[in-house]
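Here is the structure we will look at, set down as structure tokens.
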Amino acid sequence: MLKNIDPLLNADILHALCAMGHGDEVVICDANFPADSVARQTVLGKLLRIDGASAPRAIRAVLSVLPLDSFVDHPAERMEVVGDASALPAVQREAQREVDDAEGRETPFASVERFAFYERAKKSYCVIATGEARGYGCFIFKKGVELAPDAPVAPEAAK
């Protein structure tokens, strides 16, 4: 047992998140996403799982150890609803709260069209499938760096 590590984060997930570098992306997806076939095409090449957890809960766990990239405009992205790019289903609103809480500031999701999302996911470092049963519980997060206290930060992150 490790202290201060979310119990949803198993050894495989912790290893993958640690191995990721600045700018690498992780996908957290719902149970409807073609996770296994997409994950086989990622850098890691295999699917990681957090079964039994909602997508927002899995996001909370992952972001408890993964810094988001402060040097890009949108380090967090969501799959947009087909036919209504501005729609925000409940699962995405809940996920937005988890991201904002983890970052300590508003970090709005950018939307990614469904098929573009699949292509981006294939190029990610890894895919983590959750037990999320609601549709559109699919997200991409870009890893940042945990900076030393005297390191420079992106101007908007310093606000």
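Contact map, the range 102-116: first residue without any contact (Cβ under 8 Å) to a residue 12 or more places away in the chain, second residue charged (D, E, K, R) and assigned to a loop (DSSP other than H, G, I, E, B), Cβ cut-off under 6 Å, separation 6 or more or different chains; the map is empty. Pairing residues of the range 64-80 that are among the polar types (S, T, N, Q) with residues that are crowded, with 17+ Cβ neighbours inside 10 Å, at Cβ distances under 6 Å and at least 6 apart in sequence or on separate chains, gives S64/D6; S70/G144.
When residues in the range 53-71 are screened for being at pLDDT below 95 and of a type outside the set (S, T, Y), 1 of them pass.
Of the residues making up the range 27-81, those that are out of contact with any helix residue (DSSP H, G or I) (no Cβ under 7 Å at 6 or more places or on another chain) and assigned to a strand (DSSP E or B) are R49, E77, V81.
Just so you know, in the range 87-127 the residues that are more than 21 Å from G23 (Cα to Cα) and in a loop (DSSP other than H, G, I, E, B) include one that is farthest from the chain's Cα centre (by Cα), and it is A87. Listed conditions (1) in contact with a helix residue (DSSP H, G or I) (Cβ under 8 Å, 6 or more places away or on another chain); (2) surrounded by fewer than 14 Cβ atoms within 10 Å (Cβ to Cβ); (3) of a type outside the set (A, V, I, L, M, F, W, C); (4) closer than 13 Å to Y136 by Cβ are all met by E94, apart from (2).
The values are calculated or read from the model by the stated rules, or taken from the named source; none is laboratory data. Predicted model, so just to flag it, every value in this text is computed and none were measured. Please note: Cβ atoms are built from the backbone with ideal geometry, for glycine as well, and neighbour counts cover all protein chains shown.
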